[in-house]
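Chemist: Before I ask anything, here is the structure I am working with.
The values are calculated or read from the model by the stated rules, or taken from the named source; none is laboratory data. Since the structure is predicted, the reported quantities are computational estimates derived from the model, not experimental observations. In this analysis, Cβ positions are derived from the backbone assuming ideal geometry, glycine residues included, and neighbour counts consider all displayed protein chains. Note: areas computed on protein heavy atoms with side chains; ligands, DNA, RNA excluded. Shrake-Rupley method; radii C 1.70, N 1.55, O 1.52, S 1.80 Å.
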Amino acid sequence: MPSQYSYTVTERFLRYVQVDTQSDPHSASFPSTGKQKDLSSTLVAELKTMSIEDAEMDEYGYVYATIPSNTSKQVPVICFCSHVDTAPDCSGTHVKPILHESYDGRDIILPDDPEQVIRVETYPYLKTHIGYPVITASGTTLLGADDKSGVAIIMDMAHYLLTHPNIKHGDIKLLFTPDEEVGQGTAKLDLPKLGASVAYTLDGGELGSFEDETFSADGVRITIQGVIAHPGYAKDKLVNALKIAGEILAALPKNEWAPEATEKREGFVHPVGVNGIAEKATIEFIVRDFDTGKLAVYEDRLKQMVMTVLNGYPGATMEFEVTEQYRNMKEILDQHPQISAYAAEAYRRAGVSLVKEPIRGGTDGSRLSFMGLPCPNIFTGMQAIHSKHEWVGVRDMERAVDVLAQLVQVWEEQV
Ligand SMILES: [Zn+2]
C-alpha cells in the first residue's frame, strides 16, 4: 500500500540506531552513560534545523522541544515521548542496520553471525511484512528499535507537521528521555518545564497496538527473626530463621498465584530474593495485579501464610513491610477518557485497527501518569526487543507517523 505522504522515518531510524546509547544499571551518574547525549544532542541540532527554536538538551540528557501551535484555538498541550537509550542486555556498539528492501517471507540470516537467524516460526508477525521493507541488525548487536523507532517516528512527525502548515494543531511538546531501560527514565524529568497536560509514549510493538493499562505493583519484604544459640548447646533453644524462610517458600501455591502459572489479567505473588543467616532472614516479593485493590488481598493472604508457618516456631518473630512500586495507569486515564478516545479516532482515520492489550509490567507511562501527566503507549512496530534478533517493519513506523499526524488534528478539532 503506497503511503499517502512522503515519509523519511526510515532514513532517520537508520542513522539513530548507529549511535551507541546503551544505558548502564550499575552507574551512579545521570544519565547512566554519557554516550546517550550523543544522540540527544543530534536530535536537538536536527530540531533546530527544522526551525524548532526552543529545542534543548538539559544537563541530564533530556531533550525538550515545542512545535508551536498554528491554530487560534486553545488546544490542550500534548506531548510525544520516547527514550533514546537501549537495553543493557545486549551490545549496542557498532550497530549495522540492514534494510531488507522487499521482505520475501523467509527466515532472515544475519550476515555477521550466521548462527543468528530470525525465524518466521518464532516471529510469525514477519509474515505481515512480506513485500514491505524490514530492518534488522547484522548479528552481533541489538538493533535499537526500542526505542529509536519511537524517536524516528516523533522526529518525522515534527518534520511532517512543520512542512504541512495546513494541518492544524495546538502546541506540541517533544520529549526524549535517557535511562528508561534502567528504570530511571522519569527520575530527572522537569514536568513544569515540559508544560504538557497529556502525553503519549511511542514505545509499543505491533501495528495497531495501544496500551493504556499496566500492572499495579507493590513490593513486600518479610524479615524473620529466629532465636540464636550455640549449635552445640542449642537443644530446645535455637530457632533457625533460614528454615522458616524455606518453609514459607515451600508453602507458596504452585499452580496459581505465581508468574509461571498466570497470564492475561491474572495477578501474582513472586519471591525475587532471599537473604539470611540462621539468626535472621529476609524474603523479598513482588506483588502484581491490574486491580490495585487486589494487592492488599494478596498481601493479607501472604501474611496469613507466614503466620501459619511461624506458629510452628515459638520464639521466632516476623516483620511484614509493604512498599508501593507503581500503579495501573488506567486509574488515571479513566479520569481523562478523551486521551484514549482521540487516539482511537486517530487510528481509525489512519486506517489502523486498534488492539488493546494490558501490559503485564510497568512503563514510564505508568510513572508519568501518576506524576500528573496521563500517558498511554502507541505502537512503533518494534519486535524481538533487547536481542540480536530485534527487527522493525518500515510500514509500521510509517503508519505510526500517520497516526500522530491524525492525532494532533483530532485534538485541535475537539476544542
Ligand atoms: Zn522501550
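Chemist: Out of all the residues in the range 349-385, which are out of contact with any helix residue (DSSP H, G or I) (no Cβ under 7 Å at 6 or more places or on another chain) and within 16 Å of the ligand (Cβ to nearest atom)?
Modeler: If the condition is that a residue be out of contact with any helix residue (DSSP H, G or I) (no Cβ under 7 Å at 6 or more places or on another chain) and within 16 Å of the ligand (Cβ to nearest atom), then E357, I359, R360, G361, G362, T363, G365, S366, R367, L368, A384 are the ones that fit.
Chemist: A further question on this structure: Return the residues of the range 64-98 that are farther than 21 Å from T186 by Cβ, out of contact with any helix residue (DSSP H, G or I) (no Cβ under 7 Å at 6 or more places or on another chain) and more than 16 Å from the ligand (Cβ to nearest atom); say none if nothing qualifies.
Modeler: Within the range 64-98, P68, S69, N70, S72, Q74, S91, T93, H94, K96, I98 meet the criteria.
Chemist: Which residue is most open to solvent (accessible area, probe 1.4 Å), if the candidates are limited to the range 58-79 and must be assigned to a loop (DSSP other than H, G, I, E, B) and of a type in the set (G, A, S)?
Modeler: Ranking the candidates gives S72 first.
Chemist: Looking at the range 302-338 only, could you name the residues that are without any contact (Cβ under 8 Å) to a residue 12 or more places away in the chain and either surrounded by 13 or more Cβ atoms within 10 Å (Cβ to Cβ) or assigned to a strand (DSSP E or B) (or both)?
Modeler: D334
Chemist: Only one residue in Y326, Y313, Y342, Y347 is modelled with pLDDT under 95 and at negative phi, so which one is that?
Modeler: Numbers: Y313 fails: modelled with pLDDT under 95; Y342 fails: modelled with pLDDT under 95; Y347 fails: modelled with pLDDT under 95.
Answer to the check: Y326.
Chemist: Does the range 397-410 contain at least one residue that is open to solvent by 20 Å² or more (accessible area, probe 1.4 Å) and over 30 Å from I130 (Cβ atoms)? Quick ask: steps written out before the conclusion?
Modeler: Quick first cut of the range 397-410, residues open to solvent by 20 Å² or more (accessible area, probe 1.4 Å) only: 398-399, 406, 409.
Still in the running and over 30 Å from I130 (Cβ atoms): 409.
Scanning the range 397-410, I find at least one residue that is open to solvent by 20 Å² or more (accessible area, probe 1.4 Å) and over 30 Å from I130 (Cβ atoms), so the answer is yes.
Chemist: Within the range 104-117, identify whether any single residue is in a loop (DSSP other than H, G, I, E, B), among the small types (G, A, S) and free of Cβ contacts under 8 Å to residues at least 60 places away in the same chain, and answer yes or no. Please lay out each step first, then the result.
Modeler: Applying the first criterion (in a loop (DSSP other than H, G, I, E, B)) to the range 104-117 yields 104-107, 110-116.
Right, trim to among the small types (G, A, S) and you get 105.
Okay, now just the ones that are also free of Cβ contacts under 8 Å to residues at least 60 places away in the same chain, so 105.
Yes.
Chemist: Filter the range 353-380 down to the residues that are at pLDDT 95 or above, part of a loop (DSSP other than H, G, I, E, B) and surrounded by fewer than 21 Cβ atoms within 10 Å (Cβ to Cβ) and list them by number.
Modeler: Once the filter is applied, which keeps residues that are at pLDDT 95 or above, part of a loop (DSSP other than H, G, I, E, B) and surrounded by fewer than 21 Cβ atoms within 10 Å (Cβ to Cβ), the range 353-380 yields S353, L354.
Chemist: Could you give me the residue pairs with C-beta distances under 6 Å whose first residue belongs to the range 381-403 and is over 14 Å from Y7 (Cβ atoms), whose second residue is among the acidic types (D, E) and at pLDDT below 95 wherever it lies, and which are 6+ apart or on separate chains?
Modeler: H386/D89
Chemist: Does the range 38-50 contain any residue that is within 16 Å of the ligand (Cβ to nearest atom), open to solvent by 30 Å² or more (accessible area, probe 1.4 Å), closer than 27 Å to K188 by Cα and in contact (Cβ under 8 Å) with a residue 40 or more places away in the chain?
Modeler: no
Chemist: Okay, next question. When only residues in the range 211-252 that are surrounded by 21 or more Cβ atoms within 10 Å (Cβ to Cβ) and free of Cβ contacts under 8 Å to residues at least 60 places away in the same chain count, which is nearest to the chain's Cα centre (by Cα)?
Modeler: Going through the qualifying residues, I end up with A245.
Chemist: Could you go through the range 141-156 and let me know if any residue there is in contact with a helix residue (DSSP H, G or I) (Cβ under 6 Å, 6 or more places away or on another chain) and surrounded by fewer than 21 Cβ atoms within 10 Å (Cβ to Cβ).
Modeler: No - not one qualifying residue is present in the range 141-156.
Chemist: Could you grab me the full set of residues in the range 118-134 that are touching a Gly at 6+ places or on another chain (Cβ under 8 Å) and open to solvent by less than 10 Å² (accessible area, probe 1.4 Å)? I'd like the intermediate steps shown before the answer.
Modeler: In the first step, residues of the range 118-134 are kept if they are touching a Gly at 6+ places or on another chain (Cβ under 8 Å); the result is 120, 126-130, 132-134.
Passing the criteria: L126, H129, V134.
Chemist: Has the range 153-162 got at least one residue that is within 16 Å of the ligand (Cβ to nearest atom), among the aromatic types (F, W, Y) and within 17 Å of F80 (Cβ to Cβ)?
Modeler: No; the residues of the range 153-162 include none that is within 16 Å of the ligand (Cβ to nearest atom), among the aromatic types (F, W, Y) and within 17 Å of F80 (Cβ to Cβ).
Chemist: Can you give me the number of residues within the range 47-57 that are in contact with a Lys or Arg (Cβ under 8 Å, 6 or more places away or on another chain) and either closer than 14 Å to V84 by Cα or not in a loop (DSSP other than H, G, I, E, B) (or both)? Write out each step before concluding.
Modeler: So in the range 47-57, the residues in contact with a Lys or Arg (Cβ under 8 Å, 6 or more places away or on another chain) come out as 55, 57.
Remaining after also requiring either closer than 14 Å to V84 by Cα or not in a loop (DSSP other than H, G, I, E, B) (or both): 57.
Total meeting the criteria: 1.
Chemist: Run down G183, G208, G170, G204 and say which single residue is within 13 Å of the ligand (Cβ to nearest atom) and either on the phi > 0 side of the Ramachandran plot or in contact with a helix residue (DSSP H, G or I) (Cβ under 8 Å, 6 or more places away or on another chain) (or both). Spell out the reasoning first.
Modeler: Working: G208 fails: within 13 Å of the ligand (Cβ to nearest atom); G170 fails: within 13 Å of the ligand (Cβ to nearest atom); G204 fails: either on the phi > 0 side of the Ramachandran plot or in contact with a helix residue (DSSP H, G or I) (Cβ under 8 Å, 6 or more places away or on another chain) (or both).
Testing whether each residue is within 13 Å of the ligand (Cβ to nearest atom) and either on the phi > 0 side of the Ramachandran plot or in contact with a helix residue (DSSP H, G or I) (Cβ under 8 Å, 6 or more places away or on another chain) (or both) leaves just G183.
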